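The values are calculated or read from the model by the stated rules, or taken from the named source; none is laboratory data. All values reported here derive from a predicted model rather than from experimental measurement. In this analysis, Cβ positions are derived from the backbone assuming ideal geometry, glycine residues included, and neighbour counts consider all displayed protein chains. Ligands, DNA and RNA are stripped out before the accessible areas are found, and what is left, the full protein with its side chains, is counted by its heavy atoms. Shrake-Rupley method; radii C 1.70, N 1.55, O 1.52, S 1.80 Å.
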Amino acid sequence: MGRAFEYRKARKLKRWGNMSRTFTRIGKEITIAAKAGGPDPSTNPRLRALMQNAKAANMPKDTVERAIKKATDKDAGDYKEITYEGYGPHGIAIFVEAATDNNTRTVANVRSYFTKHGGSLGTQGSLTFLFDHKCVFKIKPKDGMGLEDLELELIDYGVDELEDIVDEETGDEQVILYGAFEEYSNIQKYLEDNGFEIISSEFERIPNDLKEVTADQRAAIEKLLEKIEEDEDVQNVFHNMKEEEE
């Protein structure tokens with residue numbers, strides 16, 4: 001249990017510790033969702049979910065509204081979601097998700113990061129077999145409904161794993177739900193229809209197998225990962241390097 005959450009937690013906390021960077025990432029996702037499904041969250045489930053993510057990240061309301069408005073602004077960049085796949089040093093698989101208004105610029109930048117740090121950018125789809133594409137929901141538990149009851153209820157809607165956690169900042173109990181990427185809308189609809197409070201939701205690429213590395217190898221791989229993550233077009237970076245033991 002908890003493979004996705006534990007796998008990503010340390011790196012996400014490190015990366016999104018920069019609040020303005022977090023707001024930029026969520027803002028792009030909101031703009032893309034509003035452009036695709038309309039600016040009204042009541043009729044756009046993906047936008048509704050992203051607004052919950054923004055709230056969980058303490059993103060100011062006017063910043064959210066600006067991101068939605070940007071979707072109808074003719075002068076604003078037209079963001080496209082693109083993925084890049086490649087291998088870093090020591091055979092570590094790296095999956096990059098970007099939101100860009102200039103794919104030529106972004107792919108050139110990403111390729112240069114791989115090349116300069118001893119890796120190589122591969123073709124799209126070359127790493128798909130190494131990662132499970134999952135949707136991950138964080139919700140507040142309901143009084144009188146245990147984890148097993150919830151699991152039995154949600155299994156028909158595409159949830160394949162649940163985990164009980166305690167929020168480190170608030171001390172509140174929360175439940176993490178994992179499901180297949182394509183089951184996102186089914187799970188979201190069930191949760192909303194049944195009165196569950198969704199704290200946040202996102203998509204993860206979870207490696208099927210984690211690779212052990214030495215301290216020196218880790219340092220070299222981290223340099224590449226950090227360089228990729230610094231790029232303003234990059235939204236998420238996934239890899240199959242085993243996290244360092246605390």
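Rounded to the nearest 20 Debye, what is the dipole magnitude of the chain about its Cα centre when Lys and Arg each give +1 and Asp and Glu each give -1 at the C-beta? Don't skip to the answer; put the middle values down first.
Working: 34 positive and 49 negative charges, 289 e Å.
About 1380 debye.
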- Item | Rounded to the nearest 20 debye, dipole of the stretch 97-210 from Cβ charges on Lys, Arg, Asp, Glu | 1200
- Among GLY158, LEU130, VAL64, whose Cα lies farthest out toward the positive end of the dipole of the chain, if unit charges sit on the beta carbon of Lys, Arg (+1) and Asp, Glu (-1)? VAL64
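Rounded, prolate or oblate: which fits the chain when a ≥ b ≥ c are the square roots of the eigenvalues of the alpha-carbon gyration tensor, with rounded for a/c under 1.5 and prolate only if a/b beats b/c?
On the way: a/c = 1.82, a/b = 1.20, b/c = 1.52.
Oblate, because a/c is 1.5 or more while a/b does not exceed b/c.
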- Query: For the chain, what % of the accessible area comes from carbon and sulfur atoms, probe 1.4 Å?
  - Reply: 49
- Please give the contour-minus-distance gain from ARG21 to GLU212: 0.36 nm per residue of separation, less the Cα-Cα distance, rounded to one decimal in nm. 65.8 nm
- Message: Under a crude label model (7 Å from the Cα following the beta-carbon direction), how far is ALA180 from ALA57 in nanometres?
- Response: 2.9
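Provide the FRET efficiency to the nearest 0.05 for the GLU168-ASN102 pair, computing r from the beta carbons and using R0 = 35 Å.
On the way: r = 38 Å, r/R0 = 1.09.
Taking R0 as 35 Å, the efficiency between GLU168 and ASN102 is 0.35.
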- Message: Can you give me the accessible area per residue for the chain, using a 1.4 Å probe, in Å²?
- Response: 53
- Per-peptide average of other Cβ atoms within 10 Å, ordering 109-118, 186-195 highest first: 109-118, 186-195
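If I stretch the segment between ALA36 and THR115 completely, what's the gain in nm (0.36 nm per residue apart, minus their alpha carbon distance), one decimal? Please report the intermediate quantities before stating the final value.
Numbers: separation 79, 0.36 × 79 = 28.44 nm, distance 3.43 nm.
25.0 nm is the gain from fully extending ALA36 to THR115.
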- Task: Please say if the stretch 156-212 is rounded, prolate or oblate, where rounded means a/c under 1.5 for a ≥ b ≥ c the square roots of the C-alpha gyration tensor eigenvalues, and otherwise the choice is prolate for a/b larger than b/c and oblate otherwise?
- Result: oblate
- Item | Sequence ranges 38-49, 149-160, ranked by mean other-Cβ count within 10 angstrom, highest first | 38-49, 149-160
- Choice from ALA180, ALA215, ALA98 showing the highest fluctuation, given a GNM over the chain with Cα pairs closer than 10 Å: ALA215
- Report ³J(HN,Hα) in whole Hz for each residue of the stretch 178-184, in order, from the Karplus equation J = 6.51 cos²θ - 1.76 cosθ + 1.60 where θ = phi - 60°; Gly and Pro get x. 10, x, 4, 3, 6, 8, 3
